[in-house]
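The values are calculated or read from the model by the stated rules, or taken from the named source; none is laboratory data. Values in this document were obtained by computation on a predicted structure and should not be read as measured data. Using ideal geometry, Cβ is built from the backbone for each residue, glycine included, and neighbour counts are taken over all protein chains shown. Accessible surface areas use protein heavy atoms only, side chains included; no ligands, DNA or RNA. Shrake-Rupley method; radii C 1.70, N 1.55, O 1.52, S 1.80 Å.
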Amino acid sequence: MMELHVKHDKKMGGTDCQIKEQLDSAWLLIKTKWAVAQEWTRIHLRRWRCVVHDAATDRRTLAPVSFLAVAAVLGVTMTLGTLYSTSYAVTVDGERVGVVHDQDMVDEAIATVEKQGRELLGYDYQVDGEVDCRFTLALKSDLADEKQIENFFYDQLSEVSDRLRKYQVTVNGRAIGVVEDQDALQDMLAAFKNQFVNENTIKAEFVDQLGVDYVYNTQQVMTMDEMNQALRANSTGATTYEVSKGDTFNGIAYANDMSVSDLKALNPGVDINRLMIGDVLNVKEVVPSLSVRTVDHEVYSEPIACPVETRENSSMYKGETKIVSEGVAGEARVTADVTYVNGIEKERTVLSSQTVREPTPTIKAVGTKERPKTASTGKFSWPVRGRVTSYFGNRRIFGGTRFHSGLDIAAPHGTPIKAADGGKVTFAGNKGTYGKLVIITHDNGVQTYYAHNSSIVVSAGQRVYKGQTIAKCGSTGRSTGDHCHFEVRIRGSAVNPLSYLR
């Protein structure tokens, strides 16, 4: 069997001209040999056809040996043409790859794999090794198809990609970083999720869209600790806060880990000195880059509120109530699915509630007596309309810093000062730095002060109604100009009037 040796070296590489010359010489030799074989077969087949014909017509006797020779030649020729094909044995660095009918198939397979390698790895990938194509005759059944040849080179590409493969983590499409160890990454993500899992957890998942993608051509690689810290790093979102009794702007900022200036920036239309109960402020919310949502199936006891039964009381004013006897709360056995995000409850779905103990009622007395005009309403109105020149809290005045226990409301001299609510005048007269002062004690024990008046028009012991004139604006006592100094005191301690004025 004749063989022709042709090399396809991806590392060292011969020139295209050298390969072409070798191929041209090979095909010329093949064609010559094949033509001689065809001519020999034609002549002998013709000769033996004559011999067979003469034997069939009894013109000559065909010797058994001659007949067998003809049969053998015919058999060999037909076998060669049917079973065998001219082909190339392909090896890479001496390793057998397969036998192909056309050497172009090898070139096309290499080109396909190298193109895929460049797209996958991000650099000019080339197959590895010395590719050798040797001319030969082979059984047609032994010929490899293009996929078999491609698969050999794809195996090479797979080995390279396995060695270079790294894992890029993304959250909501934003790249967080790249790590090398996939198993360690999966373990870290599982631990990240499990920090919020307990024995009641029935579901745990990441809130954000978490992606792990293959990357190959990268130089920046994180350790697993660095990746863990990056996923836990806080970002800032926004939420709201409803002002409740006793809140101050500074306190709200502190409670939400914000500076006062940051809180002001999020609430440009809010007067920080006039917060009202029920006001809704924008505050920042700190959330990690990757959040975890869990659902816990919880069974717990919950108190059942006492029903309230009312009893009319003619000695009490209308609108007044008093608890005569406190009830005892009941108990219920509740089953619920509770949803948490990063351990903070977001939703509670009650599945069932079973009463374990019934509550007893609370008895409440309700007043029926007509309320006099001087009775307290429990809500304060402004004693005078004007510009607030000094607010509650520390202030610089008279060359130093002093605590200011109320509001200073500027008004022209002689402007009527009115009672903020109904009640009893418990002081009316001069009192040191307050100058001319009126103190009203309201039905709930809260006191209001009205100071620096030019004159007082009520007397101690007198009951006054809400909005009644009690004094005239002035600048008596320690004062720098006409104004009303207004205080609210609860159990003797001054509180911010802005939290109570309506």
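Taking R0 as 41 Å, what's the FRET efficiency between residue 145 and residue 181 from their Cβ-Cβ distance, rounded to 0.05?
0.60
Compared with the alpha-carbon gap, the fully stretched path from residue 96 to residue 108 is longer by 2.5 nm at 0.36 nm per residue. Can you give me the Cα centroid spacing of segment 342-366 and segment 247-287 in angstrom? For segment 342-366 versus segment 247-287, the Cα centre distance is 32 Å. Probing with 1.4 Å while keeping every protein chain in the model, the per residue accessible area of segment 355-443 equals 52 Å².
Return the whole-Å distance between the Cα centroid of segment 183-232 and the Cα centroid of segment 87-154. With segment 183-232 and segment 87-154 each reduced to a Cα centre, they are spaced 41 Å. Ranked by the mean number of other Cβ atoms within 10 Å of their residues, highest first, the peptides 127-136, 262-271 come out as 127-136, 262-271. Among the listed pairs 379/466; 264/379; 245/284, those with a Cα-Cα distance over 19 Å are 264/379; 245/284. Anisotropy class assigned to segment 185-341 is oblate, per the alpha carbon gyration tensor with a/c at or over the 1.5 cut-off and a/b no larger than b/c. Ligands, DNA and RNA left out, the accessible area of segment 135-226 computed with a 1.4 Å probe is 42% carbon and sulfur.
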